[in-house]
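What follows is a set of notes on a single structure, which appears directly below.
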Amino acid sequence: MKVLLFVFFVAVAFGCSDSNSKSAFVGEVPKSAAAPVGTISSESIYQLPDTFETQDNKKIVLSSFAGKPTVVGMIFTHCPYACPRLTADIKGIEDKIKSKSEDVNYLLISFDSERDLPNQLKKFSNDHALDENWTLLHGDENTIRILSVLLNVQFQKDAEGNFSHSNIISVLDKNGVLVFQKEGIDADPAETISAIKQLL
Amino acid sequence: MKYFLSILIATVFFCAANAQKKAVLSEKKMVTVSSGNYKPFFVTKNNRPIYVAAFKMDESAVTNAEFLQFVKANPQWRRSKVNRIFADTNYLRHWKSDVEIGESNKKIYNSPVVNVSWFAAEAYCKWKNKKLPTIAQWELAANGAPKNFKYKSLTDFILDWYTKPNPRILPNVKSTYQNQYGLYDMNGLIWEWTFNFNSFIASRDSRDKSEADFKNFCAGGAINVVDKTDYATYLRFGYRASLKGNYCISSLGFRCVKDLK
Amino acid sequence: MLQISRKNFYLESPVLFAILLISSVLFFFSCKTNSGNSMAENNIDTVLTGTVNAELTFAPNVPKPLTYTSPKKVIVQLETIEKVMPISDSSEYTFWTFGGHVPGDFIRVRQGDLVDFTLKNAPESKMTHSIDLHAVIGPGGGADATSTAPGQSTHFQFRALHPGLYVYHCATGPVPLHIANGMYGLILVEPQGGLPKVDREYYLMQGDFYTKGKYDAPGLQDFDETKALAENPDYVLFNGRVRSTTGPHALQAKVGETVRLYVGNGGPNLISSFHPIGQLFTKVYMEGGTEINTDVQTTLIPSGGATIVEMKMQVPEVINLVDHSIFRAFNKGAIAQIKVTGPENPSIFQKLK
């Protein structure tokens, strides 16, 4: 009898215990979002653990790009003017760098979570003759917004599902730390190229 | 018998202690903001009012006490541990330590938490299974008619708050007005983070209002301000445009929202 | 007979030819000499010969004249501060300021200098602020580069290409409100070689203010947008406060001295008809530029503009500097004073029985 009572009270005691703390963890906090992960530098944008899909329908995380400098632009494929021009600007930079090194990643990340699915990104890549150094990424709305804030890119979706956005070419070092940015279409690439060369 | 009694007392004590803890951690009240049309402040040629579906919103801003629970449960968001790209050096600088607001700061336990970055606010809302409000949601909620208001208009009240310096001790949540949705202090206490604060393409130089550089503008057309005499809103949008995600500012906090279903 | 055939000209009059040749060469070279401003533009020495920290002062004081002779990199740091201060004897106002004063810091550089500019916004500020300096040739006068949230700082550089006295002001939207709350000041770009020496230099800046309450109503006054839109101010002030520069705070000068005033007009709305009662301006650098007018009673200072004026003190007196749209001086506070001390000079002015 005593044992039963004991067990009963223990059960009650545990029943009353901190079940709230469990509910506090319902939302997932990216564990690595705010602390250095392994060898990823604490200033690196690759801290973002979210998963993206590439134009080849591969799942990928940003830290996969570590090891080489990375040039990043944010675009959407239905963009009539600015995005093709930004892509061309980055291609122009690639041409100038190629002779020095092939070891640079070129990343285009789409604002358009709804429409720029992998096959659409693949089409864009083919249309613009982007080589194997280029990866185009699709992410969900939340992930894309967080990334845009990390890259200081402004954007918003309009009623038609298109996007107004600033145009920035960002340069990340081998660890994914943002080291240089250049705003504008048809901007003078000299400083950007110099920034990349310093990372090679 | 003594054994039985001591176990009984211990259990009761334990339950009571947890009950109290539970009371502190009790979920923040959320109110429903009914669906409506939000007329954006910055318009383009193709602009239409944005339809905002009904949603639930925290009735008041997240407080220091509430945020304390978050950093206790999530060490990576503590002041001494947080990554600088997610929060600058002003992060929670008004607190005594990583996990203490401080005895001398008793008066602000229930004041809105400030000196928190967008990333920190985002993470908090996620932890609560909620989200940061979009600008459209926030503006729709904030334009709710005030109840029992002594000011001539909401704009008057807002401008009045903007042009007064920050108080030394930030008042508690629910200390200013309540609006038609049951929301407290949407204006008059702190600025609040929004999910898509980095939305504005208009040049940061606000006089450049005529033609936004077409190069920067896929959606086409000039961006323009609807009502240039609405200084209150103008200041708020200008403020948002100057922010970066890791900024921690002493008059900037947040509240969370949740989908209805 | 006087006709000298071409064929023989050179052979028969070599001296004449030589004279003609030499004089035409000299003539040609003398015409090449540039004058005044265009020389400034073409021959700016872009090699900087060192770095200096700008001396910054608050009104009515002016930084000392610069003594260096070649362009420098000049470091300037301003901080925007929101502060409650008295606007009159009974009224207070929440001013938005550069440096905690209205007007803000006076910046003094030399034509050709590279100005390295940092703008800080105090952490206690509620608002984002920025700066547009009228001396800057570049986007927004620096505004776009300096949109600064509270607790943050921004940084840019510009070359002071042209001499003159220029207004600077905050350019964060809505710009009129930031200016109406006192966010303006002056930057002087001295011409190469500096300005002619005078005995005293002072800094004044006019501004109009709009409050919900009447002139000098007691307590903290709110900004009144309706009055501002109607351009109907309650206060028109020099240096941001009623009686800021009168009585015990009057500017000082002595008989015999030449006094130079750097006077700006922050607006936001009104143009000033600047006049010295009991004196006249012997020299006016019109609109703060390079053209000099002389012997002027009243000069216009555009809103968002400036002027440089000089006076020769002849007799002891109190000079009342006013905006001669005279209700402003009488009823809204637009008066500053210069107290001139020294010996009487009956040959200039004498009261007779």
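Which residue, chosen from A:I169, C:L261, B:S199, occupies the Cα position most advanced towards the positive end of the dipole of the protein assembly as shown, where the dipole is computed from +1 (Lys, Arg) and -1 (Asp, Glu) charges on Cβ about the Cα centre?
Result: B:S199.
Using a cut-off of 28 Å between alpha-carbon atoms, which lysines can reach C:K197, once sequence neighbours fewer than 8 places away in the same chain are excluded?
Cross-link targets: C:K64, C:K72, C:K73, C:K254, C:K283, C:K312, C:K339.
By counting other Cβ atoms within 10 Å of each Cβ, how are B:W95, B:W161 ranked from fewest to most?
B:W161, B:W95
Starting at the first residue of the stretch A:138-152, write each ³J(HN,Hα) from the Karplus equation 6.51 cos²θ - 1.76 cosθ + 1.60 with θ = phi - 60°, in whole Hz, x for Gly and Pro.
Result, ordered by residue: 10, x, 6, 4, 5, 4, 5, 5, 4, 5, 5, 5, 4, 9, 6 Hz.
Please find, in a Gaussian network model of chain C (springs between Cα atoms separated by less than 10 Å), the residue of C:I137, C:I179, C:I107 whose mean-square fluctuation is greatest.
Checking each option, the largest mean-square fluctuation is seen for C:I137.
Just to check I understand the Karplus step: with θ = phi - 60° and J = 6.51 cos²θ - 1.76 cosθ + 1.60, what whole-Hz values come out for the stretch C:73-89, glycine and proline as x?
Residue by residue, the stretch C:73-89 yields 8, 10, 8, 10, 10, 10, 10, 8, 9, 9, 8, 7, 9, x, 9, 8, 4 Hz.
Apply 1/(1 + (r/R0)^6) to the Cβ-Cβ distance of C:Q157 and B:L5, taking R0 = 56 Å, and write down the FRET efficiency to the nearest 0.05.
Values: r = 80 Å, r/R0 = 1.42.
With R0 = 56 Å, the Cβ-Cβ based efficiency is 0.10.
Excluding residues fewer than 8 places away in the same chain, name every one of the lysines whose C-alpha is closer than 16 Å to that of B:K39.
Cross-link targets: A:K157, B:K228.
Please list the non-local residues whose amide H lies under 5 Å from the amide H of C:G100, H modeled 1.01 Å from N, same-chain partners needing a gap of 5 or more.
Amide H neighbours of C:G100, under 5 Å, 5+ apart: C:I81.
Roughly how many whole Å is it from the C-alpha centroid of the stretch A:148-194 to that of the stretch C:296-312?
Cα centroid to Cα centroid, the span is 47 Å.
Most mobile of C:N239, C:N293, C:N181 per a Gaussian network model of chain C (Cα springs, under 10 Å)?
Fluctuation is largest for C:N293.
Quick query: amide H of C:Y168 versus all other amide H atoms, modeled in the peptide plane; which residues come in under 5 Å with a sequence gap of 5 or more or a different chain?
So C:Y168 has HN proximity to C:H134, C:G185, C:L186, C:I187.
Just check the protein assembly as shown against the gyration tensor rule for me: Cα atoms, a ≥ b ≥ c as the square roots of the eigenvalues, rounded for a/c under 1.5, and otherwise prolate or oblate depending on whether a/b exceeds b/c.
The shape class here is oblate.
Output the 0 to 90 degree angle, nearest 10, between the alpha-carbon long axis of helix C:14-31 and the longest principal axis computed from the alpha carbons of chain C.
10 degrees
Using Cα pairs closer than 8 Å and at least 6 residues apart in sequence, work out the relative contact order for the stretch C:48-173, in percent.
Values: 296 pairs, mean separation 29.8, N = 126.
Over the stretch C:48-173, the number comes to 24 percent.
For the stretch C:195-206, what does the Karplus curve 6.51 cos²θ - 1.76 cosθ + 1.60, with θ = phi - 60°, yield as ³J(HN,Hα) per residue in whole Hz, taken in order and with x for Gly and Pro?
Once θ is set to phi - 60°, the couplings for the stretch C:195-206 become 8, x, 6, 10, 7, 9, 10, 9, 10, 10, 9, 8 Hz.
Determine which residues of the stretch A:152-172 fall in the zone a paramagnetic label at A:K68 would reach in this model, i.e. backbone nitrogen under 17 Å from the point 7 Å along Cα→Cβ.
Label zone hits: A:170-172.
Using the Cα centre of the stretch B:122-167 as the reference point, and only Cβ charges (+1 on K/R, -1 on D/E), how large is the resulting charge dipole? Debye, rounded to the nearest 20.
Numbers: 8 positive and 4 negative charges, 50 e Å.
For the stretch B:122-167, the charge dipole is close to 240 debye.
Could you pull out every residue, at least 5 positions away or on a different chain, whose amide H is within less than 5 Å of the one on C:Q221? Hs are placed 1.01 Å off N in the peptide plane, and Pro or chain starts have none.
C:E92, C:Y93, C:T94
Cα centroids of the stretch C:163-180 and the stretch A:60-75: how far apart, whole angstrom?
42 Å
Rule-based calculations on the coordinates, nothing more; no lab input. Note that the structure is predicted; figures quoted are calculated from it, not measured. Here the Cβ is made from the backbone with ideal geometry for all residues, glycine too, and neighbour counts use every protein chain on show.
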